[in-house]
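Asks: Got a structure for you, written out below as structure tokens; questions coming shortly.
The values are calculated or read from the model by the stated rules, or taken from the named source; none is laboratory data. What you are looking at is a predicted structure, and each value in this text was computed from that prediction instead of being measured. Positions of Cβ are backbone-derived with ideal geometry, glycine not excepted, and every protein chain shown enters the neighbour counts. Protein only, heavy atoms only, side chains kept; ligands, DNA and RNA dropped before computing areas. Shrake-Rupley method; radii C 1.70, N 1.55, O 1.52, S 1.80 Å.
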Amino acid sequence: MKETFKELLFTDTQASAKELLGMELYLEDVRIGRIVETEAYLGAQDSACHSSQGRRTPKNESMYLPAGHWYVYQIHGHYMLNLVTRDQDIPEAVLIRALEIDSDNPQANGPGKLTRLANITKVFDGQNIESSLLQLRRGPKPKDIGSRARIGVTCRDFWRDVPLCFYVLGNRHVSKIRKKGLLPDKETWKNTLGK
């Protein structure tokens with residue numbers, strides 16, 4: 001059963017970044033994987049965000065759309081998938097950083113890896129998730145959520161170290177973590193969907 005964006009997420013970007021953990025990403029009704037890592041980007045105040053200080057360009061224009069639109073951009077030859085999380089003209093978004101897929105080998109444990117695996121390109125930029133072929137559906141809740149500084153940000157101020165990267169604690173599909181001693185992925189999720 002498809003659910004609307006308003007049923008899935010909040011208007012607070014950090015809360016949305018956590019709420020996205022466990023949600024399933026689908027393309028044309030085919031499941032790609034389960035979200036296990038996200039990063040929150042907090043608009044004009046956040047020097048690591050594309051809309052820092054109110055910057056508005058053709059590249060980041062989708063960030064200024066209402067909540068529930070995809071923002072896809074390209075960097076170093078890789079596409080990055082983001083979900084706009086605030087009302088129109090409050091340019092905040094969440095980067096989908098890693099997916100758990102149906103494989104023991106983490107093949108989507110990075111934002112460029114997951115878009116390449118799923119063939120997600122700039123064509124989805126600006127699309128509303130309620131009408132896009134790229135959709136979210138509810139999945140299980142994580143048992144525990146960890147946080148840390150975002151990965152690869154280039155700013156050199158306070159925002160560099162703010163723990164705005166959220167991930168499913170112990171999940172082997174999270175990017176840039178030590179793999180030794182991790183729990184099997186089935187033990188990182190609560191048993192009941194949506195609870």
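Asks: Looking at segment 112-150, which of its residues are among the polar types (S, T, N, Q), open to solvent by 80 Å² or more (accessible area, probe 1.4 Å) and within 20 Å of Trp189 (Cβ to Cβ)?
Replies: None - no residue of segment 112-150 is among the polar types (S, T, N, Q), open to solvent by 80 Å² or more (accessible area, probe 1.4 Å) and within 20 Å of Trp189 (Cβ to Cβ), so the list stays empty.
Asks: For segment 30-63, give me each residue that is surrounded by fewer than 19 Cβ atoms within 10 Å (Cβ to Cβ) and in a helix (DSSP H, G or I).
Replies: Listed by number, the residues that qualify are Ala44, Gln45, Ser52, Gln53, Gly54, Glu61.
Asks: Between a first residue in segment 166-180 that is open to solvent by 40 Å² or more (accessible area, probe 1.4 Å) and a second residue that is in a loop (DSSP other than H, G, I, E, B) and modelled with pLDDT under 90, which pairs have beta carbons less than 7 Å apart while being 6 or more apart in sequence or on different chains?
Replies: Arg172/Pro106; Arg172/Lys179; Arg172/Leu182; Lys176/Ile151
Asks: Moving on to the next point. Looking at this structure, is Ser175 modelled with pLDDT of 80 or more, part of a loop (DSSP other than H, G, I, E, B) and closer than 18 Å to Tyr71 by Cα?
Replies: Taking the combined requirement at face value, the residue does not satisfy it.
Asks: Ok, one more. Checking the conditions here, which among Tyr71, Tyr79 is of a type in the set (Phe, Trp, Tyr), surrounded by 22 or more Cβ atoms within 10 Å (Cβ to Cβ) and within 16 Å of the chain's Cα centre (by Cα)?
Replies: The conditions single out Tyr71.
Asks: Something else: Give segment 94-111 a look and list any residue that's acidic (Asp, Glu) and buried (at least 21 other Cβ atoms within 10 Å of the Cβ), or say none.
Replies: Within segment 94-111, Glu100 is the sole residue that qualifies.
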